[in-house]
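All remarks here apply to the structure that follows.
The values are calculated or read from the model by the stated rules, or taken from the named source; none is laboratory data. Keep in mind the model is a prediction, meaning the values are calculated, not measured. Because the Cβ atoms are built from the backbone with ideal geometry, glycine has one as well, and the counts that use them run over all protein chains shown.
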Amino acid sequence: MDSFVVSTDSTCDLPADYLQEHRIPVIPLLYQLDDITYGAGTDLDDHEFYEMMRNGKMPTTMAANPESVRSILEPILAEGKDVLHLAFSSGLSSSYSAAAMAAQELSEQYPDRKVIVIDSLCASLGEGLFVYKAVEKRDAGMSITEVAHWLTANRQSFCHIFTVDDLFHLFRGGRVNRATAIIGSLASIKPILHVDFEGHLIPIGKVRGRKKSLAALVDRMDELAKGFEKENTTVFISHGDCLEDAQYVADLVRDRFGIQDIMINMICPTIGAHSGPGTVALFFMGQHR
């Protein structure tokens, strides 16, 4: 089962018990709020983080650096194990570049070990699904090279569909312009977004009203997931401190597709700082992103 170690970033949003059960090392991505740095053993409670955002606090985020990646991966190599590191999308962060740089240095230091870094082009539980599939394939007996090949070959089938409750957080991150944010908020317009082929957040539609925006996520899954029933025995949903809305989407997925195994978890502060409270995201395997 432990033929090699799968590692990832804290942006994967996988539950702590899953990470512990499968012994997945996690590179922490830090963030700052009120001049205090969090993310490496000094985290705020997620609900408290989102409450601070609701009250007007604006956090800033930081990518991983080669030193932090090296500090976590080197002890694994020193134990004689290979590492497959699955990184946060390069379209959203420089963490992949940092991991690739650290891996090159570690490969020179440990020439008998494999250190493979893959740009997941994924975020939140989309990255979590990427990790989940890697663990699943490893535990089924695939080698590190075979798993890396499968992930790379199927990377564009990891679909991310999400909506946000407040357009101003996307405006602050440069995803929508000011006029769109103002008009959308006044008219209760909710954008539908996805993560594209290059790992960027891209608006793909809009609807009026919260419930319609949540249902639109499932409608989009219905369009993309045909033929991927065997890969979608588990579906992932993440949320920005709005569990009831995430559960509403989960119920829609169960009713529409009969899928019972659904993992729901909170969006981490590193991503939530840009998407804001009230974000709901649905992740699954599909024909394309």
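Couple of notes before you dig in:
- Single unsatisfied condition, I202 versus (1) over 18 Å from the mean Cα position of the chain (by Cα); (2) assigned to a strand (DSSP E or B); (3) not charged (D, E, K, R): (1)
- The residue that is nearest to C12 (Cα to Cα), counting only those in the range 97-142 that are of a type in the set (S, T, Y) and in a loop (DSSP other than H, G, I, E, B), is S124.
- Lone unmet requirement of (1) on the phi > 0 side of the Ramachandran plot; (2) modelled with pLDDT of 95 or more for G174: (2)
- Residue pairs whose Cβ atoms lie under 7 Å apart, sitting 6 or more positions apart in sequence or on different chains, and linking a residue in the range 76-91 that is over 24 Å from L121 (Cα atoms) to a partner that is among the hydroxyl-bearing types (S, T, Y) and in a loop (DSSP other than H, G, I, E, B), are L77/Y110.
- Of the criteria (1) surrounded by 18 or more Cβ atoms within 10 Å (Cβ to Cβ); (2) under 24 Å from H288 (Cα atoms); (3) not β-branched (V, I, T), which one A103 fails: (2)
- Residue that is nearest to H288 (Cα to Cα) [pool: residues in the range 217-234 that are in a helix (DSSP H, G or I) and in contact with a strand residue (DSSP E or B) (Cβ under 6 Å, 6 or more places away or on another chain)]: L224
- Test result for D245, touching a Pro at 6+ places or on another chain (Cβ under 8 Å), crowded, with 20+ Cβ neighbours inside 10 Å and either at pLDDT 95 or above or in a strand (DSSP E or B) (or both): no
- From the options I259, I271, I264, I237, residue that is in the same structural domain as S213 (by TED's automatic domain parsing), of a type in the set (V, I, T) and assigned to a loop (DSSP other than H, G, I, E, B): I259
- Every pair of residues 6+ apart whose Cβ atoms lie under 9 Å, when the first sits in the range 191-204 and is over 11 Å from H160 (Cβ atoms) while the second is of a type in the set (S, T, Y) and surrounded by fewer than 16 Cβ atoms within 10 Å (Cβ to Cβ): none
- Qualifying positions in the range 16-32 - closer than 23 Å to E67 by Cα and among the hydrophobic types (A, V, I, L, M, F, W, C): L19, I24, V26, I27, L29, L30
- Within the range 204-223, one or more residues are at pLDDT below 90, surrounded by fewer than 21 Cβ atoms within 10 Å (Cβ to Cβ) and among the β-branched types (V, I, T).
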